[in-house]
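Working notes, structure below.
Derivation of every value follows stated rules applied to the coordinates shown; laboratory data play no part. Worth saying up front: this structure is predicted, and the values here are computed from it rather than measured. Cβ atoms come from the backbone with ideal geometry, glycine included; neighbour counts cover every protein chain shown.
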Amino acid sequence: MTRVVCPGSFDPVTNGHLDIVRRASRLFDEVVVAVLVNESKKSLFSLEERMDLLAQATEDLPNVSVASFRGLLVNFCTEHGISAIVKGLRAVSDFDYELQMAQMNGSLTDVDTVFVPTSPEYSFLASSLVKEVARGGGDVSGLVPDFVLQRLDREFGRA
Ligand code: PNS
């Protein structure tokens, strides 16, 4: 049985993230979506909210679960019997840093990294941009699930 992890901040989850999680769930037996707890980074949504939104967004995928982790991702992998990290690549610019992290993680443990190319319709998508556009009153429907849209509207005082 192959268990993999899709790690990230997910502040908030976007359709780009979900595209990668969904495809990973077809390729591997079990997928753990792991939300990084990063006390030094200010997030819009709390850890609980980010995990709740992810759980809602993946509720139709029986082999996907949601967890959180602190510290090194490879330690989380070792503790949870995870053999590979799945990462989406949006563009060549992602590759530089992702390759470096994959090689660092590979040097620390035998946890491998699998890159999945982002579907073209999501290649420009990032949580940070979604928040910026939503904060400015722009339309981000189609980029996030409806219930995330509602949370963004509430957060930015439009609901
Ligand atoms: O959604 P993000 O913020 O781009 O996700 C980045 C994340 C969480 C995947 C990455 O920062 C990470 O793996 N952090 C955990 C700390 C760690 O293991 N650092 C060493 C990387 S080589």
**Q.** Ordering of 114-124, 7-17, 54-64, 93-103 by burial proxy (mean other Cβ atoms within 10 Å per residue, highest first)
**A.** 7-17, 54-64, 114-124, 93-103
Q | Whole-Hz ³J(HN,Hα) from phi, Karplus 6.51 cos²θ - 1.76 cosθ + 1.60, for segment 67-75, glycine and proline x | A | 9, 10, 8, 10, x, 7, 4, 5, 5
Q. So what is the 222 nm mean residue ellipticity for the chain from helices alone, if each DSSP H run of at least 4 adds -39500 (n - 2.57) and you divide by all residues, rounding to the nearest 500 deg cm²/dmol?
A. -13000 deg cm²/dmol
Q. Relative contact order (percent) for segment 4-124, with alpha-carbon contacts under 8 angstrom and 6 or more residues of separation?
A. 30
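Is segment 1-93 best put as rounded, prolate or oblate by its Cα gyration tensor, with a ≥ b ≥ c the root eigenvalues, rounded for a/c under 1.5, and otherwise prolate when a/b is larger than b/c, oblate when not?
Numbers: a/c = 1.36, a/b = 1.19, b/c = 1.14.
Here segment 1-93 falls in the rounded category.
Hey, could you grab the Kirkwood Rh for the chain? Inverse mean 1/r over distinct alpha carbon pairs, Å, one decimal.
Details: mean 1/r = 0.0620 Å⁻¹.
For the chain, inverting the mean 1/r across all distinct Cα pairs yields 16.1 Å.
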Q.
Give the separation of the Cα centroids, segment 88-138 to segment 3-78, in Å.
A. 13
